[in-house]
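Written below as structure tokens is the structure these notes are about.
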Amino acid sequence: MRSDLRAPVLGLEPTVDAIASHRRRARQWIQWLSDHCWLITALASAIVAAVGFRGGDFAAQDYRVWIFRTHGFLVWDVNWYGGHSDLGYSVLFPAVGAVLGTVPATAVACVISTILWGRLVGREGAAAVVSRLWFSLLIVGDLIIGRAPFACSVAAALGAILAVRADRRLLALLAALTASLFSPLGAFFLLLVAAAWLPSLGWRRTLPLGGAVIGVAVAGILGDGGWFPFPWTAFVGQLVIVAVGLAITPREWRTMRRALVFYGIACVPLFLLPNPVGGNMARFASIVVGPLAAYVLLRSGRVKLLAALIVPLVAFQLQPVVGAVTAAAGDLSRKPQYYAGMLRYLEQHQQPPSRVEIPFTLNHWEATYVAEKVPLARGWERQIDLALNAELYHPLTAAEYLTWLRANAIRYVALSDAPLDAGGKAEGALLRHPPPYLKQVYADPHWRIWQVIGATPLAEGVGTISALAANGFTVESPRVGVTLVRLRWSPYWHVDSGTGCFVRTPDGWTDVIQLQPGQLKVSLRLAESQECTANQVREVGMNPAILDQSGP
């Protein structure tokens, strides 16, 4: 009787053993995947690249890489905004992107970040495994969006943190410096980490992270400044992250708790005061908040709480990715052939050289496809655009628009049929019924181009501009005198041939003073400014007092 009862139970034993075996194999597979999580990032990056998807931020990166390939290292570029600094956004990425390509460079940075994150959280236990796998997938968001310099900065910043933890001070210093020169935003986060670590590790071990100050200083001194919006919803979101982070982080994890407090404190002035960082503060949180929460909660066995937080955490991290994908879906302006006809017209009408205004499209590809051929009145850097062109973000009257067009020496306005960014909608609305001072000169299925009647020329005075490129210009003058060139003043203007010097005008343009008639070729060189002296100003019959009125 007993043997009969036992038989069915024994019959189940292989099934139980099989389930246990499957579980062991699954755990081994997950552990292997965690140990090689960089493969997930690499595969996801390869899929993004193969599909050919490129978020709108790549437009700016492609242009900067083109500048480096075409002109080498530039400190100032006149094809955007009438002149802007190339160093304020990223010092290193244009060179790296020129060698590897923008997409491969970003993908490599994401893979490196995954490897370094894995070393940061370790490999043993569910906390490390989940954190690694989570990070390996979500870091690809930087590639989808096109945040190339920031992705490189994150990789270098993680390297700096690991070097500090291993007490390799020189390596930490070099990594922190590299992170800061890829993106001042990465430098900002490293300095927050240094402040959080200081009470625990002491200043000798944390001091190397101070190398990040270099990138911040470069951006502050050589950059264009400007300001970036920090919507109140994003600000509140960051404070919620800080509050929840403090609630779930054990009290004995003092460094992480300090980092959260410092992060929250830093958000306040960035929200209240105009500054170039603004809402970009949320970038780092959008990468690490999920993996960090998983690590903290699983280390303390709070699986149910993590399960409750997974949806809002993933939603927060995916929000910018979904925004980039939605914006790019079906947008024909991402393709270079979209610009073929309008570029032919503009290139054929560049004598004398002239500036074109294109109301911001949603994905901003005009900032590279058009700017590589003809100078734009704008470009694709929100901080500069808000500082110089704030009026374009509000409803415009025809008179206000004409004032802006003339003040910026714009000869052509080109409107596409692509969706418009917030910085282009006011112009788009006005151009549905073009004012009488705009004469249509070109149209195709995607574009309309108007010439501004009575447009302000790029040059006025004794000379004319005969050539214009991203890295300089040429003035032709039959006599000694002054030519007002409506390119933004740069302390790096340098005379390559001819005899002359430069004065900043009160409204920020450049007076070129030719001391001999003929051709004056001007380029940009770091630390080789040729500002006019009082004697040179007198030679052309001008009052040296203009040197005191020219502005900072």
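Here are the numbers for the structure shown:
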read-out: Whichever residue in the range 330-364 is closer than 16 Å to Y63 by Cα and among the polar types (S, T, N, Q) and, among such residues, is surrounded by the most Cβ atoms within 10 Å (Cβ to Cβ); value: T361
read-out: Scope the range 211-232; condition outside any helix (DSSP H, G or I), under 19 Å from H84 (Cβ atoms) and free of Cβ contacts under 8 Å to residues at least 60 places away in the same chain; matching residues; value: none
read-out: Residue within the range 351-365 that is under 18 Å from A418 (Cβ atoms), part of a loop (DSSP other than H, G, I, E, B) and more than 19 Å from the chain's Cα centre (by Cα) present; value: yes
read-out: Residues of the range 388-429 classified as among the acidic types (D, E) and touching a helix residue (DSSP H, G or I) at 6+ places or on another chain (Cβ under 8 Å), total; value: 3
read-out: The listed residue being closer than 30 Å to R302 by Cβ, assigned by the TED database to the domain that holds L190 and touching a Lys or Arg at 6+ places or on another chain (Cβ under 7 Å), out of A98, A127, A157; value: A127
read-out: Unmet requirement for T474, which otherwise passes all of (1) modelled with pLDDT under 95; (2) crowded, with 19+ Cβ neighbours inside 10 Å; (3) out of contact with any Phe, Trp or Tyr (no Cβ under 8 Å at 6 or more places or on another chain); (4) of a type outside the set (A, V, I, L, M, F, W, C); value: (1)
read-out: Any hit, the range 86-103, residues being within 15 Å of the chain's Cα centre (by Cα) and of a type in the set (D, E, K, R); value: yes
read-out: Residues of the range 31-88 satisfying the condition of being closer than 27 Å to L332 by Cα, surrounded by fewer than 21 Cβ atoms within 10 Å (Cβ to Cβ) and in contact with a helix residue (DSSP H, G or I) (Cβ under 7 Å, 6 or more places away or on another chain); value: V48, A49, F53, W66, F68, R69
read-out: Among (1) surrounded by fewer than 19 Cβ atoms within 10 Å (Cβ to Cβ); (2) more than 30 Å from S90 (Cα to Cα), the one test that V452 misses; value: (1)
read-out: In the range 485-520, the residues that are among the aliphatic types (A, V, I, L, M), part of a strand (DSSP E or B) and in contact with a helix residue (DSSP H, G or I) (Cβ under 7 Å, 6 or more places away or on another chain); value: V503, I513
read-out: Conditions (1) more than 14 Å from the chain's Cα centre (by Cα); (2) crowded, with 23+ Cβ neighbours inside 10 Å; (3) touching a residue at least 60 places away in the same chain (Cβ under 8 Å): number failed by V121; value: (2)
read-out: Enumeration of residues in the range 307-324 that are among the aliphatic types (A, V, I, L, M) and within 17 Å of the chain's Cα centre (by Cα); value: V321, A324
read-out: Residue, modelled with the lowest pLDDT, within the range 153-202, restricted to residues that are more than 17 Å from V96 (Cβ to Cβ) and outside any helix (DSSP H, G or I); value: G202
read-out: Which numbered condition P434 fails, given (1) surrounded by fewer than 14 Cβ atoms within 10 Å (Cβ to Cβ); (2) modelled with pLDDT of 95 or more; (3) part of a loop (DSSP other than H, G, I, E, B); (4) not acidic (D, E); value: (1)
read-out: Residue that is modelled with the lowest pLDDT [pool: residues in the range 57-87 that are closer than 18 Å to P149 by Cα and of a type in the set (D, E, K, R)]; value: D86
read-out: Residues that are under 17 Å from the mean Cα position of the chain (by Cα) and of a type outside the set (S, T, N, Q), drawn from the range 104-118; value: P104, A105, A107, A109, C110
read-out: Residue among L402, L420 that is under 30 Å from A324 (Cα atoms) and surrounded by fewer than 21 Cβ atoms within 10 Å (Cβ to Cβ); value: L420
read-out: Filter result for G463 (of a type outside the set (A, V, I, L, M, F, W, C), buried (at least 19 other Cβ atoms within 10 Å of the Cβ) and under 30 Å from V482 (Cα atoms)); value: yes
read-out: R406 being touching a residue at least 12 places away in the same chain (Cβ under 8 Å), in a helix (DSSP H, G or I) and touching a Ser or Thr at 6+ places or on another chain (Cβ under 8 Å); value: yes
read-out: Among (1) buried (at least 21 other Cβ atoms within 10 Å of the Cβ); (2) more than 28 Å from the chain's Cα centre (by Cα); (3) part of a loop (DSSP other than H, G, I, E, B), the one test that A294 misses; value: (3)
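The values are calculated or read from the model by the stated rules, or taken from the named source; none is laboratory data. What you see is a predicted model, and the numbers here were worked out from it, not measured in a lab. Virtual Cβ from ideal backbone geometry, glycine too; neighbours counted across all protein chains shown.
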